[in-house]
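Read the structure below first, then the notes.
The values are calculated or read from the model by the stated rules, or taken from the named source; none is laboratory data. Note that this is a predicted model, so its numbers are computed, not measured. Because the Cβ atoms are built from the backbone with ideal geometry, glycine has one as well, and the counts that use them run over all protein chains shown. Ligands, DNA and RNA are excluded from the accessible area calculation, which covers all protein heavy atoms including side chains. Shrake-Rupley method; radii C 1.70, N 1.55, O 1.52, S 1.80 Å.
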Amino acid sequence: MSIQTVPAEKSSQPGRLQSLVAGDGQMQLVVEGGDLPAFLLEANQAVVAGRIDQARQCLCPENITQIARCLAQDSTRTDLMFILAKLLLDTHQHARAEHWLRKILTIEPHPSVFKELADLCCRDAARRSEALEFSEHAYELASEDTTICSNYGRDLIYAGRVEEGIDLLYEAAQKAPDDACHQLNPLWYRHYLPDQDRRFFHHEYRAWAQRFAPLHLCRHDHLNQPEPQRRLRIGYISPNFCRNVVAYTFEPVLDGHNHSRVELFGYGNVNYPDEITTRLQGKFNHYRDIKGIPVEAIAEQIRSDRIDILVALAGHCTGNCLAVLAYK
């Protein structure tokens, strides 16, 4: 999350939530300058640097009492509440985050808050109806937002309203013609429809690849040493190193590797790490958290790791890293 402070006289609604989403999907939050508790900035810097434990320490109850004091003086400071909720989500404290998000809604029905609640509920199959309700509210308030539009489509599909949901995914794709993920989402979810033509998928996926994974990106030099006796360096890249059917079927494969013959690397593009993520991390020789890192930087990391074989565990589903594989 990028936090931008502005002078009070330039803030259209001092203290109120004003969130923007940049082209790369990175959330930017504009807040009135001069009175943002230092522990929030420190926690955010720690999250950005991947130091989750340090961020959790910053969000201790003693520090959060500073938020309570600010709210006692001005109960409309939804910006502070939203930053805190986002950081609690980033540090995997979902119940605490949901408390603050719901508190914001009692003051300001902001689309970004509805979106975060929808994403949180969507992780639990028993709360899918809640997720759909939150997504619908977010879309009603910000139908022009590509991510909100796409997420509403996703939640409609999970609710069984597949055709409505796919229509919204195409709407999001039209709004973001240069976004590889948004262009791919409608194709992925069309598999939920009956009587689909395989030739259609072949043509559309091929067109996607020619545009977003062109051959000219392929590297022709490698750092790997051709030494027959060394261990193979195998990398697995996926958004599903978490509570997911992919993880359940992949873990026995991971356990079956002979570590005297292979060195294992995990590249996790995981939205919401959990206890499964932690367990899988311990089974790789090396684990890289690549969430939010630019495609070119991920490809360079894999090259510097001298990976011999890179295996993608997501295919064309949401969060895949096919654009990384294009660099070969």
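Whole-Hz Karplus values for segment 237-252 come out as 10, 6, x, 10, 7, 6, 5, 6, 4, 4, 4, 5, 7, 7, 4, x Hz, taken residue by residue from phi with 6.51 cos²θ - 1.76 cosθ + 1.60 and θ = phi - 60°; glycine and proline positions read x.
The Cα trace of segment 58-98 gives Rg and Dmax of 10.1, 29 Å, the first to one decimal, the second as a whole number.
Of the two radii for the chain, the radius of gyration is 0.99 times the Kirkwood radius, both from the alpha carbons; that is the Rg over Rh value. The string of couplings for segment 42-56 from the Karplus curve (6.51, -1.76, 1.60, θ = phi - 60°) is 5, 5, 5, 4, 5, 4, 4, 7, x, 8, 5, 4, 5, 4, 4 Hz, one whole number per residue in order, with x for Gly and Pro. Computed from the C-beta positions of D197 and E163 and an R0 of 22 Å, the FRET efficiency is 0.85 to the nearest 0.05.
Computed on protein heavy atoms with a 1.4 Å probe, the accessible areas place H216, H257 in the order H216, H257, largest first.
Between W208 and S304, the contour length at 0.36 nm per residue exceeds the Cα-Cα span by 31.8 nm. Rounded to the nearest 0.05, the FRET efficiency derived from the C-beta distance between A297 and N224 at R0 = 25 Å is 0.80.
Ordering Y205, Y158 by accessible surface, largest first, gives Y158, Y205; the 1.4 Å probe counts only protein heavy atoms, with every chain in place.
Bridgeable lysines around K115 (alpha carbons under 20 Å apart, same-chain partners fewer than 8 residues away excluded): K86, K103, K175, K291. Here the ratio of the Cα radius of gyration of segment 102-225 to 2.2 N^0.38 Å is 1.29.
Taking a point 7 Å from the Cα of N285 along the Cα-to-Cβ direction, the residues of segment 255-274 with backbone N closer than 20 Å to it are 255-268. Accessible-area rank, largest first, for K175, K115: K175, K115, with all protein chains present and a 1.4 angstrom probe. Full extension of the segment from D124 to E144, taken as 0.36 nm per residue of separation minus the current Cα-Cα distance, would add 4.5 nm.
Rounded to the nearest 500 deg cm²/dmol, what is the calculated helix-only ellipticity per residue at 222 nm for the chain, with -39500 (n - 2.57) per DSSP H run of length n ≥ 4? Rounded to the nearest 500, it is -15500 deg cm²/dmol. Here the Karplus curve 6.51 cos²θ - 1.76 cosθ + 1.60, taken at θ = phi - 60°, turns the phi angles of segment 275-289 into couplings of 5, 5, 4, 4, 5, 5, 3, x, 9, 8, 5, 9, 10, 10, 8 Hz, with x standing for Gly and Pro. D289 contributes an accessible area of around 100 Å² to the protein surface, as traced by a 1.4 Å probe with all chains present.
Assuming charge only on the beta carbon of Lys and Arg (+1) and of Asp and Glu (-1), the dipole of the chain about its Cα centre is about 1020 debye to the nearest 20. The accessible area of W208, taken with all protein chains in place and a 1.4 Å probe, comes to roughly 20 Å².
For segment 180-286, the dipole from Cβ point charges (+1 on Lys and Arg, -1 on Asp and Glu) about the Cα centre works out to 220 debye, to the nearest 20. Radius of gyration over Kirkwood radius for segment 177-292, both on Cα atoms: the Rg/Rh ratio is 1.04.
Residues whose amide H falls under 5 Å from that of Y267, counting only those 5 or more places apart or on a different chain, are Y236, I237, S238, R288, with hydrogens built in the peptide plane.
Which log10 I(q)/I(0) values, to two decimals, does segment 82-127 give at q = 0.26, 0.31 Å⁻¹ under the Debye formula with one point per Cα? Results for segment 82-127 at q = 0.26, 0.31 Å⁻¹ read -0.94, -1.20.
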